[in-house]
Ligand code: DGL
């Protein structure tokens, strides 16, 4: 198959990466997309870097087996664990172009900030890694960053607790975001791809004057320009979405529609954790 007609491969620990897929579909409706959500092992963000990289090697190995033209780690936690380690990215993805969400989000944040104060929220693993801060400082060395881990946001999103008026959502948003708000940040990176599902609550709390950068959507925009520069956009006008999940297909299907719209047409297939482990190519 011609390179440009191959699918784009996207993966996440769960459903959050669908926020990247939604933007890919909006920008490039002709592209075929293969999505893998490791819903049997979500969350990744509370685990050690070693475990996150072990799961990542299996996820990437699985997505690579679908012969894709680009792999997007639509997961802030995975992207942060890899960080700027190009050798590790090459070891994982081989010759297949590979990108994460950290650098695209940092680029959009640096462009958007006027006062040079950028907030970052993410999972515990993401915030502990300092990967977003490094990417921001590599682009704008005088930016001030303020970050906060939001460990309960992922389970809230996976369980559909996202309504901005929900008492739990309001309480957790205030608890996690109060230091970011106090810092005067005028841009906030939603450094975990699950968080756009809490965007109304975050916007309500931070105020309209703060620009919110969705890391998954930023990665999709970057992927669109990377593919364009490489002349790798498909000629097709109608793409397909094929999903794989490591847990129940039925659950995935139901939740996926909650994530990217009721009219979404996608096929959902199961890949067991045992099968995934066979894709463990790291030594
Ligand atoms: N969507 C993942 C991320 O962007 C969720 C993290 C998790 O599994 O804890 O970080």
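Among the helices (runs of 4 or more DSSP H) confined to the stretch 147-258, the ones with at least 3 residues that are without any contact (Cβ under 8 Å) to a residue 12 or more places away in the chain, loosely packed, with under 14 Cβ neighbours inside 10 Å and more than 18 Å from the chain's Cα centre (by Cα) are located at 167-182. Taking first residues from the stretch 76-99 that are crowded, with 24+ Cβ neighbours inside 10 Å and partners that are assigned to a strand (DSSP E or B), the Cβ contacts under 6 Å between residues at least 6 apart in sequence or on separate chains come to 76/122; 79/73. Among the residues of the stretch 55-87, those that are within 16 Å of the ligand (Cβ to nearest atom), in contact with a strand residue (DSSP E or B) (Cβ under 7 Å, 6 or more places away or on another chain) and not in a helix (DSSP H, G or I) comprise 71, 72, 73, 74, 75. The selection criterion, being within 16 Å of the ligand (Cβ to nearest atom) and modelled with pLDDT under 95, does not hold for residue 102.
In this entry, residue 261 passes the filter for residues that are surrounded by fewer than 13 Cβ atoms within 10 Å (Cβ to Cβ), on the phi > 0 side of the Ramachandran plot and in contact (Cβ under 8 Å) with a residue 40 or more places away in the chain. The set of residues in the stretch 88-99 being closer than 25 Å to residue 189 by Cα and part of a helix (DSSP H, G or I) consists of 88, 89. Looking across the stretch 27-39, the residues that are in a loop (DSSP other than H, G, I, E, B) and within 12 Å of the ligand (Cβ to nearest atom) come down to 38, 39. Being farther than 15 Å from residue 266 by Cβ and more than 14 Å from the ligand (Cβ to nearest atom) is the filter here, so list the residues in the stretch 1-22 that pass it. Within the stretch 1-22, 1, 2, 3, 4, 5, 6 qualify.
The values are calculated or read from the model by the stated rules, or taken from the named source; none is laboratory data. Worth saying up front: this structure is predicted, and the values here are computed from it rather than measured. Every residue, glycine among them, receives a Cβ derived from its backbone with ideal geometry; neighbour counts consider all protein chains shown.
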